[in-house]
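Before any comments, here is the structure.
The values are calculated or read from the model by the stated rules, or taken from the named source; none is laboratory data. The model shown is predicted, which means the values in this text are computed figures rather than measured ones. Ideal geometry is used to build each Cβ from the backbone, glycine not excepted, and the neighbour counts take in all protein chains shown.
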Amino acid sequence: MIEESGGRKTGDADEENPRDGSFADLLGEAKPLDRAAARHAPAPPRPRAQHRPADDEFSGRKFRWPDPDDRHRAAADGVSDRDLLALGRGETEPLERIDLHGTRREAAGRLLTKRLESACAQGHDCVIVIHGRGQHSSSGEAVLRDALPGWLTRGANAQRVLAFAPAPGRLGGLGATLVRLRQKERQR
């Protein structure tokens with residue numbers, strides 16, 4: 001039942017409708033703001049955006065991918081396609097095995113960097129990185145295999161790596177990558 005009362009509609013549901021009360025009734029007890037406390041010191045000036053070098057600029061070494069759709073095979077400037085194919089066939093026997101299989105992505109990147117540094121210090125020219133095919137990952141993706149090209153072509157590793165390619169079947173196939181390293185005395 002709705003009745004007109006002083007220009008306002010009223011009815012049985014008015015007691016439940018919070019819009020019928022005044023704003024002050026809805027807020028309850030409110031305290032005025034202390035204007036002096038509301039003043040803040042001026043914000044410090046924002047830092048200017050710094051130039052962040054591109055990966056190639058940071059590493060100082062550029063890599064080329066003969067097949068742009070295959071990010072798992074690349075060579076640094078100066079490495080011929082013939083040498084890259086020979087690496088992929090396993091013509092250079094790896095002197096060290098770096099097993100990342102089963103390691104979490106962040107830890108695997110750090111481990112790879114340490115092991116490549118060690119292999120270079122020992123004068124190894126070729127290593128094999130075992131990363132797995134991703135068959136046991138929760139997402140079903142080859143997380144480590146897909147991250148490997150970035151790890152090998154950026155930062156300190158870019159200075160150590162000449163080329164990399166998927167290993168031939170006898171050395172692990174798609175679950176492993178052969179990495180050709182720069183000789184210690186030729187490193188920058």
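Structure summary
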read-out	value
Hits in the stretch 104-118 - residues which are crowded, with 18+ Cβ neighbours inside 10 Å and at pLDDT below 95	ALA108, GLY109
Scan of the stretch 158-174 for residues that are at pLDDT below 90 and surrounded by fewer than 20 Cβ atoms within 10 Å (Cβ to Cβ), ordered by number	GLY173, LEU174
Among residues of the stretch 109-123, those that are without any contact (Cβ under 8 Å) to a residue 40 or more places away in the chain and not basic (Lys, Arg), counted	3
Leading residue by the ranking (surrounded by the most Cβ atoms within 10 Å (Cβ to Cβ)) among those in the stretch 81-100 that are in a helix (DSSP H, G or I) and charged (D, E, K, R)	ASP83
Sole exception among (1) of a type outside the set (A, V, I, L, M); (2) assigned to a loop (DSSP other than H, G, I, E, B); (3) modelled with pLDDT of 90 or more for ARG188, by number	(3)
Index of the failed condition, ALA54 passing every other in (1) modelled with pLDDT of 85 or more; (2) loosely packed, with under 13 Cβ neighbours inside 10 Å	(1)
Filter pass, LEU100 being of a type in the set (A, V, I, L, M) and out of contact with any strand residue (DSSP E or B) (no Cβ under 7 Å at 6 or more places or on another chain)	no
